[in-house]
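> Handing you this structure, nothing more for now.
The values are calculated or read from the model by the stated rules, or taken from the named source; none is laboratory data. What you see is a predicted model, and the numbers here were worked out from it, not measured in a lab. Note: ideal-geometry Cβ built from the backbone for every residue, glycine included; neighbour counts use all protein chains shown. Quick note on the areas: whole protein, heavy atoms, side chains included, nothing else; ligands and nucleic acids left out. Shrake-Rupley method; radii C 1.70, N 1.55, O 1.52, S 1.80 Å.
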Amino acid sequence: MCVRESKSFPSHWIIIFLVLGLAQALTEEEAALPEDIADPLFSTDEAKFDWPWARNKTTKGTPAGLNLKNDYTQMDIGSFSDFDRHPCRRVCQQGQSQSCYYQLVVHNYQRLGPECQRCQFDERACAAEHCIYGDGVASPVMAVNRMIPGPSIELCENDSVVVDVLNYLGEATTMHWHGLNMVGTPEMDGAAFVTQYPLQPGEVYRYEFKADRGGSLWYHSHMGWQRGFGVAGHLIVRQSRQANQHAHLYDYDLVEHALMVQDIFYDRELQTVRNILINGKGRNHLNQLPDNDNRHRYERLRVTPGYRYRMRVLLNGISNCPVEFSIEEHKLLIISTDGNDIEPVLADGFFLTSAERFDFVLEANQLATNYWIRVRGYEQCEGRKLYQGAVLSYRGATRTEQPRGNILPTIAPQSRALDGVDNLLKPTNSSEQSRALDEGRVLVNDYRIVATIAAGPEAFLRLATAEKDNNVGTVALRSLQPVPWPRNTRFLTYYSSFSLRRAPNGELLFQIDEISYIPPGISLLQGRHLLQEGGYFCNRSSLAAQGRNCQQDVCECLNVIRMPAYRPIEMVVANYMTSTHPYHIHGNSFRLVGQGVVGNIDELRNIQNLDRQGRLPRLPDHYHAVVKDSVQIPGLGYIIVRFISNNPGFWLYHCHIEAHAVQGMMAVLKIGEDHQMKRVPARVRC
Ligand SMILES: [Cu+2]
């Protein structure tokens, strides 16, 4: 392999020169952009932040910048693999679980790199050459096995999984298995300095866990901005036909119908979201070619007339960019969210905030031609007019046939284009304008709808019942499973908040409970017996006991919220900002029993008072509230989630917008006492 590699070097250099020339051309093209695209719309306050590795003062050996040199030519590329022929990719049968081994190599790579030479002229060459074409703009990325998204892992429920992650990056990394609660294997959760020490460059870490549930899950790096640069992939866990309650609703469940939607950056200018891609591909917003120009590379989903297909969509969101998903002239029968089956809802489209997933059934019952699959960005992406398409292609349609409809039928009026601090603290009425365009369409999980309802039990009930015929709020979705707790269960209620504050030095601090998270230097799960809890952790109560007022002072510390194990827990989480934040906790799936908007909240006392007055209603148990692992907290609103804390350990609790999490919108739930947690070696290496 090495000999072959070195032989191919001269031609690589020629290709590199060609590509550098092309990249130069693109840079010039970009420099010549018209004002409205190149304007500093997003050089807002929110966008200016420290590099995550500068903030993470305790990370040792992390370089002072991204080391994105193109060193992949020196790697043993023969070991890179997609898992198309993996023995665990099979029809799932009851009682036939397997052991499944995977190797994921995480490495620096490039969009429109040397492999893309043929791909530029022949779309079909892209996959074969390991070209990451992206949107045709040369930019540094971090890939998994030379792919973005990384290779899909397909399993059956109860399979045992072994994954070796090899870190070929110039910086530390970890891998998180989003949607798996890691019951019994907390050290495999992939939370840096919480459940494991990160893998330094050149290290290997063996993740071993059980896929103890079905659903659309995913894996992604949990370090810095790596998932934004590409370190993420689908983790699809299927069930046997007997166990799958939705099996009768569809004929095919194909991995090529799993879509990862992602907002991207081109370079180190992380403050500027530049495009949205679907499975790593899509139209280029810089070259201003029409959407249907054949020089764009769109993802294609093939279907045969007369069949029903299960499709899976996830948003790997990095900036504040919720998206709306729909398909021209097709209804979507939504059957699952975050890997949890729901009572089916027939809709025209749905919204995703970062980390959310929706599975739907598409019936190929229209004229056999091509149709646009539409993804439209909002908030920061709306401000930059970002949207993306893919093509639903019926068997029998020619490749050159123009897809029906438009990717973006109507440009929404400019609404909350800026997401700067002043705008975030001001209410907005933009939602009304955008909503007018959606008249008559059934939309699920629309973040704007929740943002327009008034406070109070009547509005809440309307959201959960009457509006179901038209706009279906997240809280209106119903699980197929009854709640797992007995009637009249009394929950321990924790109040928490998401907020933004400016430090006296001008730095913007994204906070949970008015505390900006500082990561620890000792991994909490491994080092828990070494820690003097009082001196090492902080939380709202401990700071108050010290006389600290985080409303006035800047509180930056390791926020660890303690909860007892094996108890019914309820979290009421308020959002002081006008933009939504995707709430995510590790180690536990939860029921969403409340969600709404209350108007201005700037102290936890406000939300506690409202709750005391009975103005934050909960869904009754018989409603079978939806199960999720990631959910939007509406702007100036709240969510109420419930779970049984039967998984002792240290679990991250954070906003799933990467830009917010790396700036401090993160905390840890410590569930149970030290002695109730699994004993794990101080450092696990293979
Ligand atoms: Cu956020």
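> Report whether or not D189 is at pLDDT 95 or above and more than 21 Å from M677 (Cβ to Cβ).
Against the criterion (at pLDDT 95 or above and more than 21 Å from M677 (Cβ to Cβ)), D189 does not qualify.
> Taking the stretch 215-249 only, how many residues are within 22 Å of the chain's Cα centre (by Cα) and closer than 17 Å to V313 by Cβ?
The qualifying residues number 14.
> Answer yes or no: is there a residue in the stretch 538-548 that is of a type in the set (A, V, I, L, M, F, W, C), over 21 Å from E187 (Cα atoms) and open to solvent by 60 Å² or more (accessible area, probe 1.4 Å).
The answer is yes, given that some residue of the stretch 538-548 is of a type in the set (A, V, I, L, M, F, W, C), over 21 Å from E187 (Cα atoms) and open to solvent by 60 Å² or more (accessible area, probe 1.4 Å).
> Could I ask something else about it? How many residues does the stretch 331-344 contain that are open to solvent by 10 Å² or more (accessible area, probe 1.4 Å) and in a strand (DSSP E or B)?
Result for the stretch 331-344: 5.
> So is D189 closer than 30 Å to P648 by Cβ, acidic (D, E) and surrounded by fewer than 23 Cβ atoms within 10 Å (Cβ to Cβ) or not?
no
> Within the stretch 110-150, how many residues turn out to be among the polar types (S, T, N, Q) and open to solvent by 20 Å² or more (accessible area, probe 1.4 Å)?
Matching residues across the stretch 110-150 total 3.
> I need every pair where a residue in the stretch 614-627 that is under 18 Å from D341 (Cβ atoms) and of a type in the set (V, I, T) has its Cβ under 9 Å from the Cβ of a residue that is in a helix (DSSP H, G or I) and at pLDDT below 95, sequence separation at least 6 or different chains.
V626/T474; V626/V475; V626/A476
> Continuing with this model, one more query. Tell me which residues, restricted to the stretch 556-570, are farther than 19 Å from G521 by Cβ and hydrophobic (A, V, I, L, M, F, W, C).
Answer for the stretch 556-570, where residues must be farther than 19 Å from G521 by Cβ and hydrophobic (A, V, I, L, M, F, W, C): I561, M563, A565, I569.
> Something else about it: Give A364, A355, A368 a once-over and let me know the one that is open to solvent by 40 Å² or more (accessible area, probe 1.4 Å) and modelled with pLDDT of 95 or more.
Just a single option satisfies the conditions, and that option is A368.
> When I407 is evaluated against the numbered criteria (1) open to solvent by 10 Å² or more (accessible area, probe 1.4 Å); (2) part of a loop (DSSP other than H, G, I, E, B); (3) at pLDDT 80 or above, which criterion, by number, is the only one it fails?
Of the numbered conditions (1) open to solvent by 10 Å² or more (accessible area, probe 1.4 Å); (2) part of a loop (DSSP other than H, G, I, E, B); (3) at pLDDT 80 or above, the odd one out for I407 is (1).
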